Structures are given as structure tokens and as C-alpha cells.
1. How big is the C-alpha Rg of the chain next to the rule-of-thumb value 2.2 N^0.38 Å, as a ratio?
2. Taking 51 Å as R0, compute the FRET efficiency from the Cβ-Cβ separation of D284 and T24 and round it to 0.05.
3. Compute the convex hull volume of the Cα atoms of the stretch 2-90, divide it by the residue count, and report the result per residue in Å³ as a whole number.
4. Rounded to the nearest 500 deg cm²/dmol, what is the calculated helix-only ellipticity per residue at 222 nm for the chain, with -39500 (n - 2.57) per DSSP H run of length n ≥ 4?
5. Subtracting the Cα-Cα distance from 0.36 nm times the residue separation, let me have the gained length for A325 to Y4 in nm, one decimal.
6. Taking the Cα atoms only, what angle lies between the long axis of helix 12-26 and the longest principal axis of the chain, rounded to 10 degrees?
7. Could you check the simple spin-label distance between K171 and S209, using points 7 Å along Cα→Cβ, in nm with one decimal?
8. Place +1 on the Cβ of every Lys and Arg and -1 on the Cβ of every Asp and Glu in the chain, take the dipole about the Cα centre, and give the residue among C296, V273, S212 whose Cα lies farthest towards its positive end.
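Rule-based calculations on the coordinates, nothing more; no lab input. Quantities reported herein were computed from a predicted structural model and do not represent experimental measurements. Every residue, glycine as well, gets a Cβ built from its backbone with ideal geometry; the counts of neighbours run over all protein chains shown.
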Amino acid sequence: MKVYSDIDGLGFSTMRKLMLNEATEHGLPVLEQGENRLRIKSDYGAFGIIDRSANGFRIEIEADGAGNLHVLRDSLVAHIADFQPDVAAQIAWSDAVQDGLRPPNFQFAKVKAATRLSASFQRLTLVLSKPDSFGDRAIHFRFVLPRPDNPAPEWPTLAANGSTRWPEGDKALHRPVYTVRAQRRAEIDVDVFLHDGGQASEWAVGVASGTSVALIGPGGGGVLDAARVVLAGDETAYPAISRIIESLPGQTRGKVILLSHAKQQDYPVPHHVGLTPAWVGPDDFVRAVSSAASDCMGGYVWAAADAGQINALRNCDEIAHHPKAQRYVATYWRQT
Ligand SMILES: Cc1cc2nc3c(=O)[nH]c(=O)nc-3n(C[C@H](O)[C@H](O)[C@H](O)COP(=O)(O)OP(=O)(O)OC[C@H]3O[C@@H](n4cnc5c(N)ncnc54)[C@H](O)[C@@H]3O)c2cc1C
């Protein structure tokens, strides 16, 4: 699927610079770079611009499926609106987005079961109404939760420029990211870590089967296929690590480092013949991961935890020097 928007004016080189900065900042590969055109790859597809000289320039987006196209368009428009609001105001896509429709990656799911998996995890089994785009390549999504005191929620709609219009103020929707721990066609398992003061975590404990829940996705990273790996993370990353472990070939070798804030280590992390698991506390996480990464040259380093641990990891030479294409080092939550 390909869409474009023609923009009047002489903004080609400014927009080219903006897109190149975006590519550098997020480590996105540049597919094509000439004086008159630029094309960049992202997890969701490709985007770029073409110089039309006196006629201005053209912004192009290409993606597999309406969901990916929407995510790419939504983030590109938001980025342009931040840096060049005059250009954002001119955007009119070739496929004429229908103002007011729901975003294509938005759906309602039914809670089939909510069960206590362990002392600190609640497992939700959901039945998706639109399961097709869910799979191994994109294993995360966002719950879309109204405030508990809002009995008449408003849901997001598309704006004419293709971005998502989210309700604000009292109607604002909480959108925490979660991982699809397992998928069986339209049915998914989601393991929610229970922590104090969490809206999603409290909702997950109290939700009854049969309840409808809104979500948006999928997105984010997928599973891995690597001969050597380091998989590391805290409780919020256990579901993703577990799903990745199950998808790795039998000959993969490496380490799994599980940061545990609690005394009990009772999350069922699957066994893999080539992976050695180690449970560590918060004070030992960064040292353990950086040391494992230095033994994993040529392999893939995957790490996710809270912002403090992740910032410290990113500052370690062993992580900073590991090739960008061979690492995923992500903040999964932050202390507020
Ligand atoms: C790609 C990705 C995948 C994720 N997958 C999962 C998953 O599968 N399972 C899962 O449980 N989480 C997962 N998370 C983390 C989850 O999105 C956050 O923990 C989120 O803040 C939980 O939302 P909440 O509504 O419960 O808490 P919020 O309402 O967002 O936060 C309320 C308070 O809780 C604190 N808080 C948030 N998370 C934690 C925590 N883990 N421990 C202690 N305090 C916390 C916040 O600092 C804040 O003060 C994932 C995050 C990302 C980015």
C-alpha cells in the first residue's frame, strides 16, 4: 500500500534533513539517498520525499496493510507537526483519509479469562476481533483504558491528515504497552505484572470474563532468530523474553538474565537447552548484562527494563559498541 501527499513551497531540503535526523536517531536504514529523493525503512514500512522543484515536494509512505500504514503515517504527521506545523497543515493524502473513522489498528477484544498466574502476575486471555496483523513480527500492543470514573468513554478517531485524534482531559485514555505472551489464532495471552498504583495492573486483577477491552496495535519489535543471544530484563520483560525463548531454534546458545525486584521468582520462564538463566537483583543487573554482552560478540543483545537500568546499560561500553542492528535495548517503564 502506498500513499502520498504533495506539499507546495520550497521546503524539500528542510524536510529531507528532518527525515535524515529521524533515521539517525532511531537507527533506521536509508534505502535511497539522492539529491532529489530520500527513502527510509522503518519497522512498519518505508517513508520518504521526492523533490518536485517549482511544484514543491511529495511525501510518500509505503507499508504492508492498513494497520502498518496508519502507524507510520500517524508518527510521521506528529513529527512533522512538531517541527514544521505549516507543512503538517497542508497534508492531504492521496487516499483521502476519512475524518472521524476509527484508526485501522484500533479494536475491541473480549476478556475470555483472567487468572492469577503467580504471586505477581495476572494472565489475561483475550479474544481479538481483528487478529490478522498479530504475529511473531510485532508482539506488542497498547491497552486503551478509560479512567475508572468515566462511564461513557470516547474512543480515538482519525483526523483528515491521517493522524490519530485522542480524547483529552477527563476523557483521556490510558495506553500502556503490553506483550502478547502467546497467540492461538484470535486468542492471545497477556501477562500483567502487578505493581502498586498501576491502572492497568489494578484493572487486570478486577476484570471479569466477558468484558470488552479496547486496544491498539500490534507494533514494536518481534521475536529473534539468532545463533547467540543475551536476553535480559525485569518483570515487565519476562513475557517478551519467554516468547522469544520459545521461538529460538534449538541450536541457539546464550544467557538469560532476569532482574527480579521480588523475593519470589515464580514467573514460568520456558526452558531452552542452549540458554542459561540467571536471576539477579537490581544492583547486579547492569554488570551481569554488560559482561554477558562482551561474551556475545556477533550475537544479539536484547534488554528491557525500567529507564534507570536501561540508561545505565546504554552508557556501558559493551552495549554502546555492540552493533546497532544486533541489539534492542528498550525502556519498558519509568519510575514516576
Ligand atoms: C514494549 C513494551 C512491552 C511491555 N510488556 C509488558 C508486559 O507484557 N507485561 C507487563 O506487566 N508490563 C509490560 N510493559 C510495561 C508496562 O507498559 C508498564 O509497566 C506500564 O506502566 C504499566 O501500566 P499501569 O497502568 O499498570 O501503570 P501506570 O499507570 O502506567 O503507572 C503507575 C505507577 O506505577 C509505576 N510503575 C509502572 N510500571 C511499574 C513496574 N513494572 N514496577 C513498579 N512500578 C511500576 C509508574 O512509575 C507509576 O508511578 C511493557 C512495556 C513496553 C514498552
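1. So the chain has a normalised radius of gyration of 1.06.
2. 0.95
3. Working: hull volume 7.5 nm³, N = 89.
Dividing the Cα hull volume of the stretch 2-90 by its residue count gives 84 Å³.
4. For the chain, the value works out to -7000 deg cm²/dmol.
5. The A325-Y4 span can extend by a further 112.7 nm.
6. It works out to around 0 degrees.
7. Here the modelled spin labels are 3.5 nm apart.
8. So the residue furthest toward the plus end is V273.
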